[in-house]
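Below you'll find the structure, written out as structure tokens, and then a few comments.
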Amino acid sequence: MRLAMRADRLLSLLMLLQIKGNVTAQELARRLEVSERTIYRDIEALSAAGIPVYTERGPGGGCRLAEGYQTTLTGLTTDELNTLFMPSHALPLADLGEDRALNTAQHKLLATLPSTQQRGIEHTRQRLYLDSAGWYRGQEAVPFLLTLRDAIWHDLKVQIVYRKNSGEIIERVIEPLGLVAKAGIWYMVALSYGKLRVFRVSRVRRASILSEVCTRPADFDLENFWARWSSEFHAQLTRYPVTLRISPAFIPILPQILGEEAHKYLEEAGPADSEGWVVIRLSFDSFEAARSYILGFETMAEVIEPVELRRSIQEVATEIAEFYRLRDQRANSSL
């Protein structure tokens, strides 16, 4: 068992070096979930097997294969094959116009496999489906996604017109470095005024590819940057706490709206009052998000705190009622 595990690790190490080129022992250890000492032992094992792999110490150093070396190893485990054929990337690739290429590549690979492995892949496809689209949100329009993709592919600068979160419209020249699809939403990582920025692709109002070549940072890694940026962004989010009193009729519906987290809120709520209503505490990204969300609860939820939110919902509800009263009055007077 241990020999098989090491053989898989050596193959993974070899594939990483072939794909990535020069990689530090620290990065290899992180990806393969072993110690750096183990990585160096594995490098020695590959070298003893006749594979031209080298290590260099100091700044810019790392582990690498000899220039031009290409392995012909193609052995894929059953789990690896099943992962390749899972339909988890279909939606983002469709946005990029690459879904047909993915299907063609999968069919070509499938045709080279023994019939037993083909049946195993079909077995998995019929029992596991990954849907990356979110609930309660339509797919965002991204008319300039392909333009940005082409610029990134060819390392060219782009002039964009962009709507910021505040609504302000700006125009600037950026150096796009990569695209990220998260929960059905596309983001672009780019250099803007010499700093790494993240732009929401649906907010790009116009995009024109320029003839100037981007200066791509030598140490930039899209996956590592996104993981770090996402973590920092989430930590900086300010939360807007709200105390709600919800009706007995709303309690069974709450898990359908808030998901499994609703059970946690109900457990923390304590006993119901004499009318069967329960007080729960929720948090939202902002005052505006809380107001628009809670208005959808209609009369099944009452805002207790904060007072500013309670008053605002009262004002909006009054305005809605007055709007329909006037519309009905106008319609009746025209009869």
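Summary of values
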| item | result |
| --- | --- |
| Stretchable slack from Thr24 to Ser274, in nm (0.36 nm times residue separation minus alpha-carbon distance) | 83.5 nm |
| Exposed trypsin sites (Lys or Arg not before Pro) absent: longest stretch of the chain, with sites in DSSP loops and at most 15 other Cβ within 10 Å deemed exposed | 240-335 |
| Cubic angstrom per residue, convex hull over Cα atoms of the stretch 240-327 | 106 |
| Spin-label proximity, Ser292 to the stretch 138-165 - amide N less than 15 Å from point 7 Å beyond Cα toward beta carbon | 138-141, 164-165 |
| At most 14 other Cβ within 10 Å, DSSP loop - GluC sites (Glu not before Pro), the stretch 40-70 | Glu67 |
| Potential extension, Arg216-Asp328 segment - 0.36 nm per residue separation minus Cα distance | 34.2 nm |
| P(r), alpha carbons of the chain - 10 Å bins starting at zero, rounded % | 4, 15, 20, 23, 19, 11, 5, 2, 1, 0 |
| Within the chain, helix-based [θ] at 222 nm, where runs of 4 or more DSSP H residues each add -39,500 (n - 2.57), nearest 500 | -14000 deg cm²/dmol |
| Restraint check, Lys108/Lys157; Lys20/Lys164; Lys20/Lys157; Lys182/Lys264, Cα-Cα greater than 29 Å | Lys108/Lys157; Lys20/Lys164 |
| Fully extended contour minus Cα-Cα distance, from Ser208 to Ile320, at 0.36 nm per residue | 36.1 nm |
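Laboratory data are not the source of any read-out in this text; all were calculated from the coordinates shown. Everything numeric here is computed off the predicted structure, so don't read it as measured data. With ideal geometry, Cβ positions are generated from the backbone for all residues, glycine too; neighbour counts draw on all protein chains shown.
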